[in-house]
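Each remark here refers to the structure printed beneath this line.
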Amino acid sequence: RSSSMNAGERLQAVEVELLKLKEAFIGKYEESPLFYACAPGRVNLIGEHIDYCGYAVLPMAIEQNILAAVSVNNSQTIQLANTNPKYKDFSVSASELTIDRENPQWHYYFLCGVKGVQDQLSLSSLPGIRCLVDGTIPASSGLSSSSALVCCAGLVTMESNQKAISKILLAETCAKCERYIGTEGGGMDQSISFLAEEGTAKLIEFNPLRATDVKLPDGAVFVIANSCVEMNKAASSHFNIRVVECRIATKILAKTRGLEWSGLQKLGVLQIELGLSLDKMLDVVEKVFHPEPYSREEICKLLEITTEQLCNNILSANTQHVTHFKLYQRARHVYSEAARVLQFKAVCDSSPDGAVLQLGNLMNQSHASCRDLYECSCLELDQLVDICLQAGAVGSRLTGAGWGGCTVSMVPIERIDSFLRTVKEKYYMPDARRAALVKHSLFVTRPGGGAAIFTEE
(Lines give C-alpha, C1' and ligand atoms only; values in the text may rest on other atoms or scores of the structure.)
Protein backbone atom coordinates (compact mmCIF):
# COMPACT_ATOMS: atom_id res chain seq x y z
CA ARG A 1 0.00 0.00 0.00
CA SER A 2 1.37 3.35 -0.95
CA SER A 3 2.90 5.58 1.69
CA SER A 4 0.76 8.53 0.66
CA MET A 5 -2.55 6.95 1.71
CA ASN A 6 -4.97 9.22 3.50
CA ALA A 7 -7.16 8.03 6.41
CA GLY A 8 -10.04 7.14 4.09
CA GLU A 9 -7.85 5.00 1.84
CA ARG A 10 -6.35 3.29 4.90
CA LEU A 11 -9.83 2.41 6.15
CA GLN A 12 -10.75 1.05 2.72
CA ALA A 13 -7.59 -1.09 2.71
CA VAL A 14 -8.48 -2.50 6.16
CA GLU A 15 -12.04 -3.18 4.97
CA VAL A 16 -10.67 -5.20 2.04
CA GLU A 17 -8.50 -7.22 4.46
CA LEU A 18 -11.48 -7.78 6.78
CA LEU A 19 -13.72 -8.97 3.95
CA LYS A 20 -11.06 -11.43 2.80
CA LEU A 21 -10.61 -12.66 6.36
CA LYS A 22 -14.39 -12.98 6.85
CA GLU A 23 -14.66 -15.23 3.78
CA ALA A 24 -11.77 -17.38 4.98
CA PHE A 25 -13.33 -17.59 8.47
CA ILE A 26 -16.69 -18.75 7.08
CA GLY A 27 -14.86 -21.29 4.90
CA LYS A 28 -12.99 -22.60 7.93
CA TYR A 29 -15.65 -22.59 10.67
CA GLU A 30 -18.94 -22.48 8.70
CA GLU A 31 -20.17 -19.44 10.66
CA SER A 32 -19.62 -15.68 10.54
CA PRO A 33 -17.22 -13.92 12.89
CA LEU A 34 -18.70 -11.80 15.68
CA PHE A 35 -15.89 -9.22 15.67
CA TYR A 36 -12.36 -8.49 14.44
CA ALA A 37 -9.26 -7.32 16.33
CA CYS A 38 -6.34 -5.54 14.73
CA ALA A 39 -2.90 -4.67 16.17
CA PRO A 40 -0.19 -2.92 14.13
CA GLY A 41 3.51 -3.68 13.93
CA ARG A 42 5.99 -0.92 14.64
CA VAL A 43 9.30 0.49 13.56
CA ASN A 44 11.55 1.94 16.22
CA LEU A 45 13.18 5.08 14.83
CA ILE A 46 15.73 5.37 17.65
CA GLY A 47 16.25 3.94 21.15
CA GLU A 48 17.27 0.31 20.73
CA HIS A 49 17.50 -2.11 23.67
CA ILE A 50 16.85 0.59 26.26
CA ASP A 51 13.15 0.20 27.09
CA TYR A 52 13.92 -2.72 29.42
CA CYS A 53 16.51 -0.48 31.12
CA GLY A 54 13.75 2.03 31.92
CA TYR A 55 14.52 4.56 29.17
CA ALA A 56 12.25 6.31 26.67
CA VAL A 57 12.09 5.10 23.06
CA LEU A 58 10.79 6.66 19.84
CA PRO A 59 8.77 4.28 17.64
CA MET A 60 5.84 4.64 15.27
CA ALA A 61 3.17 2.14 14.25
CA ILE A 62 3.30 0.88 10.67
CA GLU A 63 0.51 -0.10 8.27
CA GLN A 64 1.42 -3.80 8.44
CA ASN A 65 -0.67 -5.52 11.12
CA ILE A 66 -2.02 -8.67 12.73
CA LEU A 67 -5.76 -9.20 12.20
CA ALA A 68 -8.01 -11.73 13.90
CA ALA A 69 -11.60 -12.72 13.10
CA VAL A 70 -13.40 -14.17 16.12
CA SER A 71 -16.62 -15.91 17.09
CA VAL A 72 -17.57 -16.69 20.70
CA ASN A 73 -19.30 -19.83 22.03
CA ASN A 74 -19.76 -21.68 25.32
CA SER A 75 -17.51 -24.67 24.52
CA GLN A 76 -14.67 -23.34 26.75
CA THR A 77 -12.28 -24.35 23.96
CA ILE A 78 -9.92 -21.93 22.25
CA GLN A 79 -9.60 -22.85 18.56
CA LEU A 80 -6.87 -21.04 16.66
CA ALA A 81 -6.10 -21.10 12.94
CA ASN A 82 -3.88 -19.01 10.69
CA THR A 83 -4.40 -18.00 7.06
CA ASN A 84 -0.74 -18.89 6.48
CA PRO A 85 -0.52 -22.71 6.10
CA LYS A 86 3.00 -22.56 7.59
CA TYR A 87 1.33 -22.00 10.99
CA LYS A 88 -0.62 -25.06 12.13
CA ASP A 89 -4.11 -25.07 13.71
CA PHE A 90 -4.19 -25.32 17.48
CA SER A 91 -6.91 -26.10 19.99
CA VAL A 92 -6.79 -26.00 23.80
CA SER A 93 -9.22 -26.05 26.72
CA ALA A 94 -9.65 -22.51 28.07
CA SER A 95 -9.22 -23.91 31.59
CA GLU A 96 -5.84 -25.53 30.80
CA LEU A 97 -3.71 -22.81 29.21
CA THR A 98 -0.04 -23.78 29.22
CA ILE A 99 2.74 -22.02 27.35
CA ASP A 100 5.84 -23.97 26.35
CA ARG A 101 8.73 -21.49 26.49
CA GLU A 102 11.11 -24.16 25.14
CA ASN A 103 9.09 -24.26 21.95
CA PRO A 104 8.00 -20.73 20.94
CA GLN A 105 5.28 -21.56 18.38
CA TRP A 106 2.91 -18.90 17.02
CA HIS A 107 -0.08 -20.08 19.06
CA TYR A 108 1.85 -19.71 22.34
CA TYR A 109 2.27 -15.99 21.65
CA PHE A 110 -1.50 -15.79 21.22
CA LEU A 111 -2.01 -17.65 24.52
CA CYS A 112 0.34 -15.15 26.25
CA GLY A 113 -2.16 -12.39 25.42
CA VAL A 114 -5.14 -14.51 26.54
CA LYS A 115 -3.50 -15.46 29.84
CA GLY A 116 -2.25 -11.92 30.50
CA VAL A 117 -5.71 -10.36 30.19
CA GLN A 118 -7.31 -13.24 32.08
CA ASP A 119 -4.91 -12.68 35.01
CA GLN A 120 -5.28 -8.88 34.85
CA LEU A 121 -9.10 -9.07 34.98
CA SER A 122 -9.14 -12.05 37.40
CA LEU A 123 -11.41 -13.99 35.03
CA SER A 124 -12.15 -17.35 36.64
CA SER A 125 -13.34 -18.88 33.37
CA LEU A 126 -13.12 -17.97 29.69
CA PRO A 127 -15.70 -18.57 26.96
CA GLY A 128 -14.84 -20.68 23.95
CA ILE A 129 -13.60 -18.82 20.89
CA ARG A 130 -12.93 -19.62 17.28
CA CYS A 131 -10.27 -17.42 15.85
CA LEU A 132 -8.64 -17.03 12.43
CA VAL A 133 -5.46 -14.95 12.38
CA ASP A 134 -4.01 -13.12 9.38
CA GLY A 135 -0.94 -10.92 9.25
CA THR A 136 1.02 -8.63 6.96
CA ILE A 137 4.02 -8.13 9.31
CA PRO A 138 6.92 -10.33 8.17
CA ALA A 139 7.81 -12.81 10.95
CA SER A 140 11.06 -12.41 12.92
CA SER A 141 11.83 -9.17 11.06
CA GLY A 142 12.24 -6.77 13.98
CA LEU A 143 8.87 -5.10 13.19
CA SER A 144 7.21 -6.63 16.23
CA SER A 145 5.06 -9.36 14.65
CA SER A 146 5.12 -11.45 17.84
CA SER A 147 4.18 -8.56 20.14
CA ALA A 148 1.41 -7.46 17.72
CA LEU A 149 0.05 -11.03 17.93
CA VAL A 150 0.14 -10.86 21.76
CA CYS A 151 -1.64 -7.46 21.68
CA CYS A 152 -4.23 -8.76 19.22
CA ALA A 153 -4.90 -11.76 21.50
CA GLY A 154 -5.23 -9.43 24.49
CA LEU A 155 -7.87 -7.41 22.62
CA VAL A 156 -9.67 -10.60 21.54
CA THR A 157 -9.80 -11.80 25.17
CA MET A 158 -11.08 -8.45 26.43
CA GLU A 159 -13.80 -8.24 23.78
CA SER A 160 -14.91 -11.90 23.98
CA ASN A 161 -15.38 -11.46 27.75
CA GLN A 162 -17.26 -8.18 27.16
CA LYS A 163 -14.85 -6.20 29.32
CA ALA A 164 -13.25 -2.79 28.80
CA ILE A 165 -9.66 -1.93 29.76
CA SER A 166 -7.81 1.34 29.13
CA LYS A 167 -5.20 1.33 26.35
CA ILE A 168 -2.46 2.07 28.90
CA LEU A 169 -3.41 -0.90 31.08
CA LEU A 170 -3.75 -3.17 28.04
CA ALA A 171 -0.27 -2.13 26.89
CA GLU A 172 1.24 -2.78 30.33
CA THR A 173 -0.58 -6.12 30.62
CA CYS A 174 0.55 -7.31 27.17
CA ALA A 175 4.14 -6.20 27.88
CA LYS A 176 4.26 -8.26 31.07
CA CYS A 177 2.62 -11.35 29.63
CA GLU A 178 5.20 -11.86 26.88
CA ARG A 179 7.41 -13.09 29.74
CA TYR A 180 5.32 -16.27 29.78
CA ILE A 181 7.23 -17.24 26.64
CA GLY A 182 10.57 -16.18 28.12
CA THR A 183 11.13 -12.75 26.50
CA GLU A 184 12.16 -10.10 29.03
CA GLY A 185 11.26 -7.09 26.90
CA GLY A 186 10.68 -3.57 28.14
CA GLY A 187 7.22 -2.70 26.81
CA MET A 188 7.91 -0.51 23.77
CA ASP A 189 6.29 -2.85 21.23
CA GLN A 190 3.02 -3.32 23.10
CA SER A 191 2.84 0.38 24.09
CA ILE A 192 3.11 1.71 20.54
CA SER A 193 0.70 -0.97 19.26
CA PHE A 194 -2.03 0.40 21.58
CA LEU A 195 -1.07 4.08 21.90
CA ALA A 196 -0.13 4.87 18.28
CA GLU A 197 -1.98 7.60 16.39
CA GLU A 198 -2.16 8.24 12.67
CA GLY A 199 0.41 10.74 11.41
CA THR A 200 2.71 10.98 14.43
CA ALA A 201 5.60 9.05 15.96
CA LYS A 202 5.57 8.75 19.77
CA LEU A 203 8.06 9.23 22.57
CA ILE A 204 7.15 6.33 24.87
CA GLU A 205 8.21 6.72 28.50
CA PHE A 206 7.84 4.15 31.27
CA ASN A 207 6.98 4.10 34.99
CA PRO A 208 4.36 5.45 34.56
CA LEU A 209 3.69 4.55 30.93
CA ARG A 210 2.96 7.61 28.78
CA ALA A 211 3.16 8.59 25.12
CA THR A 212 3.94 12.02 23.66
CA ASP A 213 3.44 13.01 20.00
CA VAL A 214 6.62 13.57 18.00
CA LYS A 215 6.08 15.38 14.71
CA LEU A 216 8.54 14.08 12.15
CA PRO A 217 10.08 16.69 9.83
CA ASP A 218 8.70 17.42 6.38
CA GLY A 219 11.04 16.74 3.52
CA ALA A 220 12.03 13.16 4.37
CA VAL A 221 10.39 9.74 4.58
CA PHE A 222 11.30 6.55 6.41
CA VAL A 223 12.02 3.39 4.46
CA ILE A 224 12.06 -0.10 5.94
CA ALA A 225 14.33 -2.69 4.34
CA ASN A 226 14.30 -6.31 5.50
CA SER A 227 17.70 -8.02 5.59
CA CYS A 228 15.84 -11.34 5.07
CA VAL A 229 17.72 -12.81 8.05
CA GLU A 230 15.20 -14.06 10.61
CA MET A 231 15.74 -13.75 14.35
CA ASN A 232 13.34 -15.21 16.91
CA LYS A 233 13.86 -13.48 20.30
CA ALA A 234 12.21 -16.24 22.33
CA ALA A 235 14.10 -19.03 20.57
CA SER A 236 17.60 -17.67 21.23
CA SER A 237 19.27 -16.33 24.35
CA HIS A 238 21.04 -13.32 22.68
CA PHE A 239 18.28 -10.97 23.77
CA ASN A 240 18.00 -12.15 27.37
CA ILE A 241 21.82 -12.16 27.77
CA ARG A 242 21.76 -8.41 27.02
CA VAL A 243 19.00 -7.90 29.61
CA VAL A 244 21.08 -9.76 32.21
CA GLU A 245 24.31 -7.90 31.32
CA CYS A 246 22.49 -4.59 31.91
CA ARG A 247 21.11 -5.93 35.21
CA ILE A 248 24.58 -6.98 36.44
CA ALA A 249 26.07 -3.64 35.32
CA THR A 250 23.34 -1.83 37.31
CA LYS A 251 24.13 -3.80 40.46
CA ILE A 252 27.91 -3.32 40.27
CA LEU A 253 27.60 0.42 39.53
CA ALA A 254 25.15 0.80 42.43
CA LYS A 255 27.44 -1.08 44.84
CA THR A 256 30.51 1.00 43.90
CA ARG A 257 28.46 4.16 44.58
CA GLY A 258 27.40 2.91 48.01
CA LEU A 259 23.74 2.20 47.16
CA GLU A 260 21.65 -0.76 48.35
CA TRP A 261 22.04 -2.69 45.12
CA SER A 262 20.13 -5.95 45.52
CA GLY A 263 16.74 -4.47 44.57
CA LEU A 264 18.05 -2.44 41.61
CA GLN A 265 17.50 -4.03 38.19
CA LYS A 266 17.62 -1.20 35.62
CA LEU A 267 20.28 1.26 34.52
CA GLY A 268 17.59 3.95 34.20
CA VAL A 269 16.42 3.55 37.80
CA LEU A 270 20.06 3.68 38.94
CA GLN A 271 20.50 7.05 37.18
CA ILE A 272 17.48 8.46 39.04
CA GLU A 273 18.80 7.10 42.37
CA LEU A 274 22.19 8.74 41.77
CA GLY A 275 20.64 11.99 40.49
CA LEU A 276 23.21 12.28 37.68
CA SER A 277 22.89 13.36 34.03
CA LEU A 278 23.34 10.81 31.21
CA ASP A 279 26.75 12.36 30.42
CA LYS A 280 27.81 11.91 34.05
CA MET A 281 26.57 8.28 33.99
CA LEU A 282 28.87 7.68 31.01
CA ASP A 283 31.76 9.07 33.09
CA VAL A 284 30.88 6.66 35.92
CA VAL A 285 30.83 3.73 33.44
CA GLU A 286 34.32 4.76 32.22
CA LYS A 287 35.65 4.87 35.80
CA VAL A 288 34.10 1.66 37.11
CA PHE A 289 34.24 -0.89 34.27
CA HIS A 290 37.10 -2.36 32.24
CA PRO A 291 36.37 -3.17 28.58
CA GLU A 292 37.33 -6.84 28.92
CA PRO A 293 34.47 -9.28 29.59
CA TYR A 294 33.72 -10.07 33.24
CA SER A 295 33.78 -13.71 34.38
CA ARG A 296 31.22 -15.11 36.81
CA GLU A 297 33.94 -15.28 39.47
CA GLU A 298 34.82 -11.60 39.08
CA ILE A 299 31.13 -10.56 39.26
CA CYS A 300 30.58 -12.66 42.40
CA LYS A 301 33.69 -11.16 44.01
CA LEU A 302 32.60 -7.58 43.21
CA LEU A 303 29.06 -8.15 44.51
CA GLU A 304 30.22 -10.38 47.38
CA ILE A 305 27.80 -13.16 46.46
CA THR A 306 28.08 -16.88 45.70
CA THR A 307 27.77 -18.42 42.22
CA GLU A 308 24.52 -19.98 43.43
CA GLN A 309 23.11 -16.53 44.32
CA LEU A 310 24.19 -15.21 40.89
CA CYS A 311 22.37 -18.07 39.13
CA ASN A 312 19.22 -17.97 41.27
CA ASN A 313 18.75 -14.23 41.77
CA ILE A 314 20.30 -12.47 38.77
CA LEU A 315 20.59 -14.77 35.73
CA SER A 316 17.38 -15.73 33.88
CA ALA A 317 16.35 -19.29 32.96
CA ASN A 318 17.88 -19.18 29.50
CA THR A 319 21.13 -17.41 30.48
CA GLN A 320 22.35 -19.99 33.01
CA HIS A 321 25.00 -21.19 30.54
CA VAL A 322 26.69 -17.78 30.08
CA THR A 323 30.21 -17.52 31.52
CA HIS A 324 31.34 -14.02 30.45
CA PHE A 325 29.56 -10.66 30.41
CA LYS A 326 30.43 -7.42 28.59
CA LEU A 327 29.33 -4.85 31.15
CA TYR A 328 31.29 -1.79 29.97
CA GLN A 329 30.03 -2.03 26.38
CA ARG A 330 26.37 -2.66 27.28
CA ALA A 331 26.12 0.16 29.86
CA ARG A 332 27.89 2.56 27.51
CA HIS A 333 25.41 1.79 24.73
CA VAL A 334 22.37 2.21 27.00
CA TYR A 335 23.34 5.61 28.43
CA SER A 336 24.48 7.03 25.06
CA GLU A 337 21.40 5.69 23.23
CA ALA A 338 19.08 7.13 25.90
CA ALA A 339 20.68 10.55 25.26
CA ARG A 340 20.25 10.16 21.47
CA VAL A 341 16.49 9.55 21.90
CA LEU A 342 16.12 12.85 23.79
CA GLN A 343 18.24 14.68 21.18
CA PHE A 344 16.13 13.19 18.37
CA LYS A 345 12.91 14.42 20.00
CA ALA A 346 14.41 17.87 20.68
CA VAL A 347 15.34 18.25 16.98
CA CYS A 348 11.82 17.16 15.91
CA ASP A 349 10.25 19.62 18.37
CA SER A 350 12.34 22.65 17.35
CA SER A 351 12.69 21.69 13.63
CA PRO A 352 15.82 23.78 12.99
CA ASP A 353 17.40 24.23 9.55
CA GLY A 354 19.20 21.01 8.76
CA ALA A 355 16.87 18.96 11.01
CA VAL A 356 16.84 16.04 8.56
CA LEU A 357 20.66 15.82 8.53
CA GLN A 358 20.82 16.07 12.33
CA LEU A 359 18.30 13.25 12.77
CA GLY A 360 20.11 11.14 10.18
CA ASN A 361 23.36 11.62 12.05
CA LEU A 362 21.75 10.44 15.32
CA MET A 363 20.44 7.33 13.54
CA ASN A 364 23.94 6.59 12.21
CA GLN A 365 25.45 6.96 15.68
CA SER A 366 22.76 4.62 17.02
CA HIS A 367 23.61 1.92 14.47
CA ALA A 368 27.34 2.18 15.24
CA SER A 369 26.59 1.74 18.95
CA CYS A 370 24.29 -1.25 18.30
CA ARG A 371 26.95 -2.81 16.08
CA ASP A 372 30.08 -2.13 18.17
CA LEU A 373 28.97 -1.83 21.80
CA TYR A 374 25.74 -3.83 22.03
CA GLU A 375 26.78 -6.30 19.30
CA CYS A 376 23.21 -6.89 18.16
CA SER A 377 23.81 -6.38 14.44
CA CYS A 378 24.95 -8.94 11.87
CA LEU A 379 26.90 -8.95 8.61
CA GLU A 380 23.79 -8.57 6.41
CA LEU A 381 22.36 -5.69 8.47
CA ASP A 382 25.69 -3.83 8.33
CA GLN A 383 25.88 -4.41 4.57
CA LEU A 384 22.29 -3.21 4.11
CA VAL A 385 22.90 -0.05 6.20
CA ASP A 386 25.98 0.76 4.07
CA ILE A 387 24.00 0.27 0.85
CA CYS A 388 21.17 2.49 2.15
CA LEU A 389 23.62 5.29 2.99
CA GLN A 390 25.31 4.99 -0.43
CA ALA A 391 21.85 5.06 -2.06
CA GLY A 392 21.04 8.48 -0.58
CA ALA A 393 19.74 7.93 3.00
CA VAL A 394 20.86 10.60 5.48
CA GLY A 395 20.61 8.05 8.29
CA SER A 396 20.20 4.28 8.47
CA ARG A 397 20.18 1.81 11.35
CA LEU A 398 19.00 -1.60 12.43
CA THR A 399 15.58 -1.52 14.09
CA GLY A 400 14.09 -3.99 16.55
CA ALA A 401 16.14 -6.49 18.54
CA GLY A 402 18.68 -6.94 15.74
CA TRP A 403 20.73 -10.05 14.85
CA GLY A 404 18.67 -9.97 11.64
CA GLY A 405 15.40 -8.31 10.71
CA CYS A 406 15.09 -4.81 9.28
CA THR A 407 16.83 -1.50 8.85
CA VAL A 408 15.07 1.85 8.93
CA SER A 409 16.45 4.68 6.79
CA MET A 410 15.63 8.38 6.61
CA VAL A 411 15.55 9.48 2.98
CA PRO A 412 15.00 13.01 1.58
CA ILE A 413 11.79 12.93 -0.51
CA GLU A 414 13.51 14.03 -3.72
CA ARG A 415 15.85 10.99 -3.55
CA ILE A 416 13.23 8.34 -2.79
CA ASP A 417 12.84 6.81 -6.26
CA SER A 418 16.57 6.46 -6.93
CA PHE A 419 17.05 5.21 -3.32
CA LEU A 420 14.53 2.37 -3.72
CA ARG A 421 15.96 1.45 -7.13
CA THR A 422 19.56 1.36 -5.87
CA VAL A 423 18.83 -0.67 -2.71
CA LYS A 424 16.81 -3.14 -4.76
CA GLU A 425 19.64 -3.51 -7.31
CA LYS A 426 22.49 -3.76 -4.81
CA TYR A 427 21.02 -5.77 -1.93
CA TYR A 428 18.08 -7.79 -3.22
CA MET A 429 18.57 -8.63 -6.89
CA PRO A 430 22.03 -10.32 -6.65
CA ASP A 431 20.56 -12.99 -4.32
CA ALA A 432 17.75 -15.23 -5.64
CA ARG A 433 16.08 -15.70 -2.25
CA ARG A 434 16.11 -11.97 -1.46
CA ALA A 435 14.98 -11.10 -4.99
CA ALA A 436 11.90 -13.32 -4.50
CA LEU A 437 11.09 -11.48 -1.24
CA VAL A 438 11.80 -7.90 -2.34
CA LYS A 439 8.16 -6.91 -2.95
CA HIS A 440 7.37 -7.21 0.78
CA SER A 441 10.87 -6.38 2.04
CA LEU A 442 11.47 -2.79 0.90
CA PHE A 443 8.82 -0.14 1.50
CA VAL A 444 8.18 3.45 2.48
CA THR A 445 6.30 3.74 5.75
CA ARG A 446 4.43 6.44 7.62
CA PRO A 447 3.04 6.65 11.18
CA GLY A 448 -0.11 4.49 11.41
CA GLY A 449 -2.91 4.19 13.96
CA GLY A 450 -3.15 1.89 17.00
CA ALA A 451 -4.87 -1.38 17.82
CA ALA A 452 -8.64 -1.55 17.33
CA ILE A 453 -11.77 -3.71 17.49
CA PHE A 454 -14.15 -3.83 14.51
CA THR A 455 -17.65 -5.29 14.75
CA GLU A 456 -20.03 -6.50 12.02
CA GLU A 457 -21.98 -3.26 11.48
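The values are calculated or read from the model by the stated rules, or taken from the named source; none is laboratory data. The structure displayed is predicted, hence computed values, not measured ones. Here the Cβ is made from the backbone with ideal geometry for all residues, glycine too, and neighbour counts use every protein chain on show. Only protein heavy atoms, including side chains, enter the accessible area calculation; ligands, DNA and RNA are left aside. Shrake-Rupley method; radii C 1.70, N 1.55, O 1.52, S 1.80 Å.
Quick notes on this one:
- Distance between the modelled labels on Glu308 and Tyr87, one decimal in nanometres: 4.4 nm (7 Å Cα→Cβ projection).
- In the chain, helical runs assigned H by DSSP with n ≥ 4 each contribute -39500 (n - 2.57); averaged across all residues and rounded to the nearest 500, the mean residue ellipticity at 222 nm is -13000 deg cm²/dmol.
- Panel values: the stretch 311-457, Kirkwood radius from alpha carbon pairs, Stokes-Einstein at 20 °C and 1.002 mPa s, translational diffusion coefficient 121 µm²/s.
- Among the listed pairs Lys326/Lys426; Lys215/Lys266; Lys345/Lys424; Lys22/Lys86, those whose Cα-Cα separation exceeds 26 Å are Lys326/Lys426; Lys215/Lys266; Lys345/Lys424.
- Using the 1.4 Å probe convention, the accessible area of the chain works out to 41 Å² per residue with neighbouring protein chains retained.
- Approximate spin-label separation Gln162-Thr212, in nm, with each point projected 7 Å along Cα-to-Cβ: 4.2
- Paramagnetic reach from Lys20 in the stretch 405-439 [backbone N under 18 Å; point 7 Å along Cα→Cβ]: 437-439
- The stretch between Phe454 and Glu230 holds 77.5 nm of extra length on full extension. This uses 0.36 nm per residue minus the Cα-Cα distance.
- Using a Förster distance of 41 Å, the FRET efficiency for Arg101-Lys426 (Cβ separation, nearest 0.05): 0.55
- Measuring nothing but protein heavy atoms, the accessible surface of the chain at 1.4 Å probe radius is 49 percent carbon and sulfur.
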